[in-house]
Amino acid sequence: MGMTINCPLPGPEEIKSDYPLTDELKAFKLARDNEVKDVLSGRSDKFLVIIGPCSADREDSVLDYVSRLAKVAEKFKDRLVIIPRVYTNKPRTTGEGYKGMLHQPRPSDAPDLKAGIIAIRRLHLKVMDECRLTSADEMLYPENRSYLDDLLSYEAIGARSVEDQQHRLTASGMDIPVGMKNPTSGDFTVMLNSVYAAQHPHNFIYRGCDVTTDGNEYAHVILRGGVDKYGAGIPNYHFEDLIRLHDMYEKTELKNKAAIIDVNHSNSGKRYKEQIRIVGEVLHSRKCSETINNLVKGFMIESYIEEGSQPVNGEVYGKSITDPCIGWDDTEKLIGMIADKC
């Protein structure tokens, strides 16, 4: 037999009961959710900054980073809505490598999914309780989001998952904004089809149940660049790309025609310092075009305490063990520039 069942895992309700959300934090999260929705719908002229480590690898350094981010968020709260990236499960192109805190609560230890489920819920709770922010995560495994669905204010569906029907249909039942990335091919049509699916109601199987969803009007696109058939990067944040996206959006009947620009990944070629320049270019495009200004609602940025990256067994506190990130000094300056120019 090709699959071995190691052990049953606790269900979402059991984990939520053990690590509950207080009524005060529920109200706080609802207010944050509505603030994000208002930006994406155009009811607010604030700008979204979804920012943080490529992967949330350890609780202490992530909370340290988010506590710093909370001070910056307070400083610019009249212009920006800052959402910390707390990505607790990581897609791996070949299936090899560190798969995130969900799999390995301690990156150097063997996988432990039960401990990982507890660790990621505790981390997101602490972000809310200690840092007074609500976070974003990636919906890598649709059925696992039930452990966190009462904690997150934003979820992203990655380039390798966006064509998957289960991801699309699950997104249609979420009550928070969800960003659908363009696939690695860069195809805008695939991405917009995913948004269409997420914005409409569906009936399907979810966690062993027959479910019906209402559709998620706050589903939108994330541009992250693509690669051609030779593996070369194809950025899609330029002025012409944004106009093309707008024109394609306009041919649809989608609601809240919004875009977030992921300034790393194939847009930067993973040259992490390029994120700063790309942010500047997109902000300039917004200034030059009312169409682009109305379309682009925020950035997704990879940032940590120390710049660059290190191996999984690296010992530098606050330095990424997956994709390289800009460091804290550049982060603070970059957020200030966004607040000044958005």
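The values are calculated or read from the model by the stated rules, or taken from the named source; none is laboratory data. Since the structure is predicted, the reported quantities are computational estimates derived from the model, not experimental observations. Don't worry about glycine lacking a Cβ; one is built from the backbone with ideal geometry, like all the others, and counts go over all protein chains shown.
Observations on the model:
- Residue check, residue 320 among the hydroxyl-bearing types (Ser, Thr, Tyr), surrounded by fewer than 23 Cβ atoms within 10 Å (Cβ to Cβ) and modelled with pLDDT of 95 or more: no
- Only strands (runs of 3 or more DSSP E) whose full extent lies in the stretch 180-260 are considered here, and the ones with at least 1 residues that are surrounded by 17 or more Cβ atoms within 10 Å (Cβ to Cβ) and not hydroxyl-bearing (Ser, Thr, Tyr) are 219-223.
- Filter result for residue 274 (under 22 Å from residue 159 (Cα atoms) and touching a residue at least 60 places away in the same chain (Cβ under 8 Å)): no
- Residue list for the stretch 13-65, filter: of a type in the set (A, V, I, L, M, F, W, C) and touching a Leu at 6+ places or on another chain (Cβ under 6 Å): 39, 47, 49
- Failed condition for residue 339, given (1) part of a helix (DSSP H, G or I); (2) closer than 28 Å to residue 187 by Cβ: (2)
- Restricting 303, 309 to residues that are within 17 Å of residue 136 (Cβ to Cβ) and modelled with pLDDT of 95 or more narrows the list to 303.
- Restricting attention to the stretch 19-38, the residues that are in a loop (DSSP other than H, G, I, E, B) and surrounded by 14 or more Cβ atoms within 10 Å (Cβ to Cβ) total 2.
- Residues being surrounded by fewer than 24 Cβ atoms within 10 Å (Cβ to Cβ) and either over 18 Å from the mean Cα position of the chain (by Cα) or of a type outside the set (D, E, K, R) (or both) - total across the stretch 267-277: 6
- In the set (1) at pLDDT below 95; (2) surrounded by fewer than 16 Cβ atoms within 10 Å (Cβ to Cβ), residue 45 fails one condition alone, (1).
- The stretch 278-307: number of residues that are hydroxyl-bearing (Ser, Thr, Tyr) and either more than 17 Å from the chain's Cα centre (by Cα) or part of a helix (DSSP H, G or I) (or both): 3
- When the stretch 1-18 is filtered for residues that are surrounded by 10 or more Cβ atoms within 10 Å (Cβ to Cβ), in a loop (DSSP other than H, G, I, E, B) and small (Gly, Ala, Ser), only 11 remains.
Here is a yes/no grid of residues against (1) closer than 30 Å to residue 76 by Cα; (2) in contact (Cβ under 8 Å) with a residue 40 or more places away in the chain:
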| residue | (1), (2) |
| --- | --- |
| 136 | yes, yes |
| 156 | yes, yes |
| 163 | no, no |
| 169 | no, yes |
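- The stretch 308-322 - residue that is part of a strand (DSSP E or B) and in contact (Cβ under 8 Å) with a residue 24 or more places away in the chain and, of those, nearest to residue 268 (Cα to Cα): 308
- The residues of the stretch 56-105 that are polar (S, T, N, Q) and at pLDDT below 95, listed by number, are 89, 93, 94, 104.
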